[in-house]
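The values are calculated or read from the model by the stated rules, or taken from the named source; none is laboratory data. Given the structure is predicted, the values throughout are model-derived calculations rather than measurements. Positions of Cβ are generated from backbone atoms using ideal geometry, with glycine treated the same way; all protein chains shown enter the neighbour counts.
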Amino acid sequence: MSKRKVRIATTSLAGCFGCHMSLLDIDERIVDLMAIAEFDRSPLNDKKTFTRRCDIGLVEGGCCNEDNVHVLKEFRKNCDVLVAVGQCAIMGGLPVMRNAIMHSEDPLRECLDEAYTTSKVLNPSKQIPNDPALPLILDKVYTCAQVVKIDYQIPGCPPSGDTLWAALTALIKNEEPTLDYALIKFD
Amino acid sequence: MSDKDHLTLNIDGQKITAKRGQTLMQACDAAGVYIPRLCDSEGLEPQGSCRVCSVKLNGRVVAACTQPVVANAHIESETEEINRYRKDLVSMLFHEGNHLCPICEASGRCELQAMAYRLGISQAAPHPYLEPVRPVDASHPDIALDNNRCILCGRCIRASRDVDGKHVFEYIGRGIHKRIGVNADCLAETDASIDDHAMSLEVCPVGCIIRKREGFFAPVGERLYDTEVIGRDIETQQPHHHSLHKIEVKQIDPADFPPFNKDDNGDTV
């Protein structure tokens with residue numbers, strides 16, 4: 001039986017693409033990776049949709065708008081193993097700071113007002129972006145595990161190339177991705 | 001050795017000598033055996049509330065920081081069972097508060113974070129994040145309190161009460177609503193001072209007590225737990241690699257840097 005390549009999909013939700021940058025920090029090991037794996041839906045190859053079922057899905061970022069939720073559910077549906085990569089996917093990261101807006105009946109409104117209406121940042125129209133093409137923002141930021149079942153998480157902000165390599169190679173070998181002391185970082 | 005004042009303890013198969021009247025933690029620290037802990041801090045009265053220092057003493061789980069040494073003690077500490085308890089306790093602390101390491105200035109010197117690293121916590125715990133929304137008290141000119149990061153270790157309470165003699169902090173509320181309160185409407189109205197022991201970096205194990213204008217003083221790579229495992233100083237009886245204290249950086253004198261449009265003779269170019 002010829003062994004087929006492991007299919008990997010990646011996406012960035014409410015994240016900064018730092019985790020994807022970090023994936024490229026595996027440097028020349030990417031040659032070894034491409035010998036045994038191929039990327040399906042991923043910003044790295046600009047494939048916007050799944051072409052077939054994937055073995056491993058790597059999700060960066062949590063959910064802050066309805067498009068994030070849609071993409072995350074797509075990933076769950078199309079990936080055997082779904083991995084939350086980085087602190088944003090695991091516990092919300094920087095975007096989740098808006099969940100802590102206090103003393104407000106309507107925290108989301110206060111957040112948008114602060115960003116677009118009352119802030120000193122130049123925004124002559126004082127309008128909150130409301131184009132139909134923009135995905136609706138959620139009431140608060142949700143972690144990936146609050147929306148779908150997550151199988152594993154890789155901590156870090158971002159996880160280092162070595163951390164991602166250790167976790168990814170373990171997953172490709174169908175092993176538990178256990179990380180050594182030096183590879184566990186929450187920042 | 002087991003005379004009138006000394007006892008021999010057996011911890012994970014290693015024999016250590018303890019003085020009568022010591023706690024298990026004190027005896028182990030002196031012998032270079034580190035027992036993980038969060039609510040216990042050197043110089044403060046042990047409280048036994050975080051339970052991270054749980055060990056099995058002759059088959060019974062006790063808190064090592066409050067348990068006095070006893071004769072014929074057989075202690076299990078670094079076992080799979082005990083470390084699983086510790087992992088669960090520390091994971092739950094991460095879920096109970098808002099521990100957003102990427103935005104916290106205590107990251108890298110945080111004992112909670114370092115403990116999670118030591119215990120190897122990398123996978124999700126099966127608990128929801130409670131995401132508390134507790135008010136931040138930034139009223140004091142030199143100190144801010146972010147209660148959302150508090151793990152209720154009570155070290156600030158004991159430091160303020162027993163070392164500073166001020167009673168700035170106290171527990172208020174019960175159960176899941178328990179939190180740290182200050183002895184007035186806000187911190188600015190108390191007699192808290194930046195020079196209090198309670199406000200020093202040794203006392204708050206997380207980023208709850210924030211010393212204003214000192215944040216992020218150590219770059220990544222030079223923070224306390226960047227290069228060493230928490231407890232290494234006790235295990236090796238050697239000081240920390242990096243200081244917990246702010247290193248005074250020489251202020252830049254503008255006179256040292258002539259304007260770019262002047263040459264060495266001061267002539268405009």
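Just a few scattered comments:
- The stretch B:49-60 residues that are assigned by TED's automatic domain parsing to the domain that holds B:Thr23 and closer than 10 Å to B:Ile75 by Cα, paired with ones that are surrounded by fewer than 17 Cβ atoms within 10 Å (Cβ to Cβ) and of a type in the set (A, V, I, L, M, F, W, C) (beta carbon under 9 Å, 6 or more apart): B:Val55/B:Val61; B:Leu57/B:Val70; B:Asn58/B:Val70
- Meets criteria (out of contact with any Pro (no Cβ under 9 Å at 6 or more places or on another chain), within 14 Å of chain B (Cβ to nearest Cβ), closer than 30 Å to B:Glu228 by Cα and of a type outside the set (A, V, I, L, M)) for A:Glu110: no
- Residue identified as surrounded by fewer than 17 Cβ atoms within 10 Å (Cβ to Cβ), within 30 Å of A:Ile36 (Cβ to Cβ) and more than 10 Å from chain B (Cβ to nearest Cβ) among A:Asn130, A:Asn174: A:Asn174
- If you go through the stretch B:96-131 and keep only what is at pLDDT below 95, at the interface with another protein chain (Cβ under 7 Å from one of its Cβ atoms) and in contact with a His (Cβ under 8 Å, 6 or more places away or on another chain), you end up with just B:Tyr129.
- Lone unmet requirement of (1) surrounded by 16 or more Cβ atoms within 10 Å (Cβ to Cβ); (2) closer than 16 Å to B:Asp12 by Cβ; (3) among the basic types (Lys, Arg) for B:Arg84: (1)
- Helices (runs of 4 or more DSSP H) contained entirely in the stretch A:32-129, each with at least 3 residues that are under 19 Å from A:Gly156 (Cβ atoms): A:87-91
- For the stretch A:154-170, a residue qualifies if it is surrounded by fewer than 22 Cβ atoms within 10 Å (Cβ to Cβ) and not in a loop (DSSP other than H, G, I, E, B), and the qualifying residues are A:Gly161, A:Asp162, A:Trp165, A:Ala166, A:Thr169, A:Ala170.
- Scan the stretch A:81-101 for residues that are closer than 19 Å to A:Asp187 by Cα and either without any contact (Cβ under 8 Å) to a residue 24 or more places away in the chain or at the interface with another protein chain (Cβ under 8 Å from one of its Cβ atoms) (or both) and the total you get is 9.
- So B:Arg134, is it at pLDDT 90 or above, surrounded by 16 or more Cβ atoms within 10 Å (Cβ to Cβ) and among the basic types (Lys, Arg): no
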